[in-house]
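The values are calculated or read from the model by the stated rules, or taken from the named source; none is laboratory data. Predicted model only: the values in this text are computed from it and were never measured. Don't worry about glycine lacking a Cβ; one is built from the backbone with ideal geometry, like all the others, and counts go over all protein chains shown. For the accessible areas, the whole protein counts, side chains as well, though only heavy atoms, and no ligand, DNA or RNA atoms are used. Shrake-Rupley method; radii C 1.70, N 1.55, O 1.52, S 1.80 Å.
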Amino acid sequence: MKHRLYYVLFAVMLLTMIVHVFRNPIYDAGYKPTQNFTIISPVPAITPEEFQKQIVLLVNNERTKDELKPLNENQELDDSAKNKADDMFAKDYWAHNSPDGTAPWNQFINAGYTYKHAGENLARNFSSPEGTVLAWMKSPAHKSVILNPKYTETGVWVGEGKVNGIETFLIIQHFAAPL
C-alpha cells in the first residue's frame, strides 16, 4: 500500500512538471500568460551567422537522408527571411500571415526574388540549430517543407526582438525554386 502511494505521488509530480513545461510560453507559441512576468529568451552559444549556416547544413543533411538534392543558400532569400522578421517585430505577431493578411510570399517579392514554388518555416526561442531542425522534423507540416523536392534554394535569418511584448529569438527559413 505504501509503495502504491509513492507511485501515485510520483505520477502527480511528473504530470505537474509536464503541464508546466507545455504551458510555458517559451515552448508554446499559442499560450497567453494572464500574469505579467519576464521571460528570458535562450541565448545561443554561437553567433547568428553561425546559427544560420548550421540551419542550412542540418536541413541539407535531412534532405540528403531522404535522397533529395541539398539546397543552395540564396542572399535574396536570406533578405526575405530578414524582412519577415522585421515585419513580425514591427506588427507584433507570431504567424505565417501578418495581422493585415499579408502572406509570407510578399517578403520574397519585396526582396527581389521571383519564385515558382515557395515555403516558410518559423521557430522561436530555440537555443541551438540542432534543436530547431529536430523540432521541425518532428512536425509533419514543417518536415514536408524541408523535404519538398520542388525547392532548390533557401535563406535563413535568426535574431532577437519582441513578439507579443516578449523578448523572442526568431529563426526564419525560406525555401523556394526560382522562376
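Below, the figures for the structure above:
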{"read-out": "Å² of accessible area per residue within the stretch 52-179, as computed with a 1.4 Å probe and no ligands counted", "value": "46"}
{"read-out": "Percent of C-alpha pairs per 10 Å bin, the stretch 51-177, short to long", "value": "14, 48, 33, 5, 0"}
{"read-out": "Placed amide H near Glu167: partners under 5 Å, 5+ positions off or other chain", "value": "Ile39"}
{"read-out": "Radius 13 Å from Cβ of Gln52, net charge of other residues (Lys, Arg +1; Asp, Glu -1)", "value": "-3"}
{"read-out": "Gain on full stretching of the segment that runs from Lys53 to Asp92 - 0.36 nm per residue minus C-alpha separation", "value": "11.4 nm"}
